[in-house]
Amino acid sequence: MNYSHSYIPESDIPRTTPVFQHLVDTYASETNKLASVWSELRDHQLEFRPHTRSSSIRQILVHQILSERRFFAEFLGLAEPEPDVLLPPGSQPSVTAYVERVVGLARSRLVPLAAGDERFWLTEVPFFDVRRQRIWVFWRRVLHTAHHRAQVGVCLRLLEDRVPATYGPTADVTWSGADPTTTLDAARRAQP
């Protein structure tokens, strides 16, 4: 994958034991993808909602920041900022302010995540009304983030704006060597 910007470069990702390195790497990568999608937005688009019962884009961004803090503080047990200081200041923060805030909060989580050992990751913790291992909660968070990132991607498409690559090329972003599987022949191909 070729990304035009890396909000958390690989050199800033702390190292941990090989068996858990993928957790820290994935969190940084997913944050980069999230920031990439959000960065395509323009400030005047933040109140857009694709349907009257849908959240606005701004509501999705706010939810992402607030719910991510809840997962990491309440469920994983990491030290997190107080809720009152999570969101960018002002009644209508800019897209850039939201991107900077979500990336800054993610950066502060990398070292604590890298410090997690087997006992930490496999310990069962409260998760809403059940108990789950921290590693399970972490992956649920990653999936939750991907869900909301996709919502913003759909809004970008409905607004007829560019949708950046996340896991592969889009109609707007591709590169030499991108080989999407969009046909039966492509699905049948075998790697040498």
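The values are calculated or read from the model by the stated rules, or taken from the named source; none is laboratory data. All of these numbers come straight from a predicted model, not from anything done at the bench. Here the Cβ positions follow ideal geometry from the backbone for every residue, glycine too, while neighbour counts run over all protein chains shown. These area figures cover heavy atoms from the full protein model, side chains too; ligands, DNA and RNA do not enter into them. Shrake-Rupley method; radii C 1.70, N 1.55, O 1.52, S 1.80 Å.
Structure data summary
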| quantity | calculated |
| --- | --- |
| Length added when fully stretched, TRP136-GLU74, from 0.36 nm per residue minus Cα-Cα | 20.9 nm |
| Cα shape, the chain, gyration tensor, a/c 1.5 rule | oblate |
| Extension gain (nm, one decimal) between ASP161 and SER94, 0.36 nm per residue minus Cα-Cα | 22.4 nm |
| Residue among SER4, GLY168, LEU87 farthest towards the positive dipole end of the chain, charges placed on Cβ | GLY168 |
| Accessible area of PHE120 in the full protein assembly, 1.4 Å probe (Å², nearest 10) | 40 |
| Residue-span extension gain [SER67 to LEU86] - 0.36 nm each, minus C-alpha spacing | 5.8 nm |
| Mean accessible surface per residue for the chain, computed with a 1.4 Å probe while every protein chain stays in place, in Å² | 57 |
| Label-point gap, in nm, between THR52 and SER4 - each point 7 angstrom along Cα→Cβ | 3.6 |
| Span from the the stretch 38-82 Cα centroid across to the the stretch 116-187 one, whole angstrom | 15 |
| Simple spin-label estimate for ARG107 and THR181 in nanometres, 7 Å along Cα-Cβ | 3.7 |
| Loop GluC sites (Glu not before Pro), the stretch 102-192 (other Cβ atoms within 10 Å of the site Cβ: 16 or fewer; DSSP) | GLU160 |
| Dipole magnitude (debye, nearest 20) for the chain, charges at Cβ of Lys, Arg, Asp, Glu | 380 |
| Percentage relative contact order, the chain, counting C-alpha pairs under 8 Å, at least six apart | 27 |
